[in-house]
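The structure appears right after this line, and notes come after that.
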Amino acid sequence: MTPSGTDVVGLSDAARAVLADLVSSYAARRAGWGGGGQVEVLDAAVLHPGRPGIVDVIAAEGDRVVHLPLGLRDPTDEARFIPEGEDPVLGLFEDEGGVAVAFDAMRDAEVAVLLLAHVAGEAVEASRVRQVRSDDESVTLAMEDRIAFTVFNTVVEGRRPGLELFLSLDEVGFNHLAAPLAVWRRGGRDLGIVQEYLAGASSGFDLALTSVRDLYASGGPPELAGGDFGAEAHRLGTMTARMHLALDKAFGRRVGEAERWAVDIEATLRAVAPALLERPDVAELLAQLRALAVACQVVRTHGDFHLGRTCRTDQGWYVVDFAHDGRPTTHAGIVPSSGDDDPVYRSPLADVADMMWSFGMVANTAAHERDPSGREGLAQLAHAWEARNRRAFLAGYLGVPGITGLVPAGRDAVRVLIGSFELERTAARVAETGLD
């Protein structure tokens, strides 16, 4: 699945300095990076000589390792940049072909097609290339609505943990993923991935938001609203359980301690939202967690599992994104590892808690969107929508054969664990907004 060898550029000091300047210009344009760090070129390879051409650059910029496929064009060439309106030009670069305009290769449809051909051997029409996602970690292009091509903007030494999770799930037969067609690697680093494009996919967040908007517009019980999400929440729960069983198959399991988790959660609350510890319901929940005398299995988990990481197609629910570093965004439910680079194992119910939290965030987002002043009193409808979809998700999750061997038996234990794991996200929200 990895393209065959590339030619490493024998860089002169002058060429290395020019590439460093181009990377520095690129980093300064990334909104979340800050830029300004010293740049050192670590590796560069000519992937496509001539004009248009491609030089792929890996460079250290401060503490970050930047990956930048540079497109090269004759200054007189015309290009179709994507998306329109953005200027991806970074400067000038000179090689044996003369002076060229250098730019982000993933912003030029024709050059991106050349890059795809190098990585995956796929031929597509440049006129049918469009951007579907861009952030500080990666950019994804849809090509002919059959291929999704993602290039990572930042890379790590060795395997990319989020990509490792994705590929391992695919290898053990978890089919709720966009199938990988090729993985782009060089020098031990993961640089990108080519996958099938999920035509007609709708974001899980957008579907849920539409549902709760319909409820706020119509009123009444959520199951009678035109956009009821209950059946989809149930299917999403089923898919989530299958993901956890596949992760168990791929990486195995360990055993966690509920009492230790209670101590960790309490310490987090005391540090960022101590007022929560004064609430009787929180104190009672943590006491129940400490007293939980059941086996608590832990596995590799998604780590940041919410509606925005999923999508729905005619074929069902898919997981479309993993945290790039493969590490959970919360610490609840974790079994301590021996080192920072070791994989993290935690309760699968921590992923469930993340999704439950996501339901609440969707309901609150839609309420604020419709009624910023709070005068309409949508809290009761929001609670009803959230409660219905939490129940449906959990019913789908616990109904999957085999999942009861991975999570504690009994609804009370499951309730205590999920509620406790949600406390860390609640604490973060309280610290951010000051609202309880």
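The values are calculated or read from the model by the stated rules, or taken from the named source; none is laboratory data. A quick note: this is a predicted structure, and the numbers were derived from the prediction, not measured. With ideal geometry, Cβ positions are generated from the backbone for all residues, glycine too; neighbour counts draw on all protein chains shown.
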Can we say Asp214 is farther than 24 Å from Leu423 by Cα and charged (D, E, K, R)?
-> yes
Go through (1) under 19 Å from Asp351 (Cα atoms); (2) part of a loop (DSSP other than H, G, I, E, B) one by one and return the number of the condition Ala246 breaks.
-> (2)
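Residue-by-condition table, conditions (1) touching a residue at least 12 places away in the same chain (Cβ under 8 Å); (2) crowded, with 20+ Cβ neighbours inside 10 Å; (3) assigned by TED's automatic domain parsing to the domain that holds Ala382:
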| site | (1), (2), (3) |
| --- | --- |
| Ala233 | yes, yes, yes |
| Leu236 | yes, yes, yes |
| Ala250 | yes, no, yes |
| Asp264 | yes, no, yes |
| Pro274 | no, no, yes |
| Thr313 | yes, no, yes |
| Gly316 | yes, no, yes |
| Val320 | yes, yes, yes |
| Thr329 | yes, no, yes |
What is the one condition in (1) exposed (fewer than 14 other Cβ atoms within 10 Å of the Cβ); (2) over 25 Å from the mean Cα position of the chain (by Cα); (3) farther than 26 Å from Ala267 by Cα that Glu369 does not satisfy?
-> (2)
Can you tell me which residues in region 383-404 are in contact (Cβ under 8 Å) with a residue 40 or more places away in the chain and loosely packed, with under 14 Cβ neighbours inside 10 Å?
-> Gly399, Gly402
Only one of Ser168, Ser134, Ser202 that is surrounded by fewer than 20 Cβ atoms within 10 Å (Cβ to Cβ) and at pLDDT below 95 = Ser134
Answer residue from region 301-326, given it is over 11 Å from the mean Cα position of the chain (by Cα) and assigned to a loop (DSSP other than H, G, I, E, B) and is farthest from Asp351 (Cα to Cα) among those | Asp314
Counting only residues that are surrounded by fewer than 16 Cβ atoms within 10 Å (Cβ to Cβ) and either aromatic (Phe, Trp, Tyr) or in a helix (DSSP H, G or I) (or both), region 26-67 contains a total of 2
Within region 173-187, can you find the residues that are in a loop (DSSP other than H, G, I, E, B) and either out of contact with any Asp or Glu (no Cβ under 7 Å at 6 or more places or on another chain) or modelled with pLDDT of 95 or more (or both)?
-> Gly173, Phe174, Asn175, His176, Leu177, Ala178, Ala179
With Val255, Val298, Val282 as the choices, which residue is surrounded by 21 or more Cβ atoms within 10 Å (Cβ to Cβ), in the same structural domain as His331 (by TED's automatic domain parsing), of a type in the set (Val, Ile, Thr) and not in a helix (DSSP H, G or I)?
-> Val298
